[in-house]
Structure formats: C-alpha cells, structure tokens
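The structure appears right after this line, and notes come after that.
The values are calculated or read from the model by the stated rules, or taken from the named source; none is laboratory data. Quick caveat, the model's predicted, so the values are computed rather than measured. Cβ placement follows ideal geometry from the backbone for every residue including glycine, while neighbour counts extend to all protein chains displayed.
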Amino acid sequence: MEDMNSLPTIDQSNYYNQLNNNNTKMDDLFRQMFPDLSVPHEFVFQMLQFLNETKVNARILPRVIRGVNNILIGTGRGQVIVHVCKENMNVSIRETDEEMKSKT
C-alpha cells in the first residue's frame, strides 16, 4: 500500500516526456500571463528557477537591468558592477565617455 503523503515517483524512462509536457504547460501559462512579452518564456522561467535555487535577493535584478539599459541608451559603453559583502549588495553603474581625438 502506498503512502498517501508521499510524492509520486517519476518513471525515469518517461522523464523527458514529462519534462517536455511541463515545459509546454509552463510556456502556455506564461503566454497567458504575459501575452506581449518579447523575452522568450523559457528565459523568464529559468531566471525564476535560479532565484529560487540560489535564494539571491531578487531586488538586485531590476537595478542590474536598469543599469544595462542606461548604458545602452547613453554612450553604449560602460560597466554594471554588483558589489557583494556578505548579505549586502549594491549596484554601481559606470558609463564610459566616448573617446576624444587628441588632434582636431
């Protein structure tokens, strides 16, 4: 008799079929939730998985994304630096000015 509190065991021979079904369902769910999203849904799902696995504070991601965007709409050159000191994190953005010629 099976324990009713235990999770079902995934048959290893059927693992890839189950994974494919789950990914299809996840993709359908993301399409319904974010119909106009231009980012491939699997990237969003992967990001959520990484955040869940690593327990990294998700508040850092918008700052990094905004930093990259600010550089791209500015000079197009620079650095987005994530400083980590134990549990504390900070994001700094250093945009590089365009090179100037020494002679005019």
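Considering only residues that are among the hydrophobic types (A, V, I, L, M, F, W, C) and over 16 Å from Q49 (Cα atoms), which ones fall in region 14-36?
Result: M33, F34.
For region 79-97, indicate whether the set of residues that are hydrophobic (A, V, I, L, M, F, W, C), in a loop (DSSP other than H, G, I, E, B) and on the phi < 0 side of the Ramachandran plot is non-empty.
No: region 79-97 contains no residue that is hydrophobic (A, V, I, L, M, F, W, C), in a loop (DSSP other than H, G, I, E, B) and on the phi < 0 side of the Ramachandran plot.
Looking at region 50-70, which of the residues that are among the polar types (S, T, N, Q) and part of a helix (DSSP H, G or I) is surrounded by the fewest Cβ atoms within 10 Å (Cβ to Cβ)?
T54
For residues that are surrounded by fewer than 14 Cβ atoms within 10 Å (Cβ to Cβ) and modelled with pLDDT of 90 or more, tally how many sit in region 71-81.
4
Quick one: which residue in L61, L37, L51 is at pLDDT below 90 and among the hydrophobic types (A, V, I, L, M, F, W, C)?
Residue meeting the stated conditions: L37.
Among the listed residues E95, E87, E42, identify the single one that is exposed (fewer than 10 other Cβ atoms within 10 Å of the Cβ) and either outside the structural domain of L29 (by TED's automatic domain parsing) or charged (D, E, K, R) (or both).
Matching residue, one of E95, E87, E42: E87.
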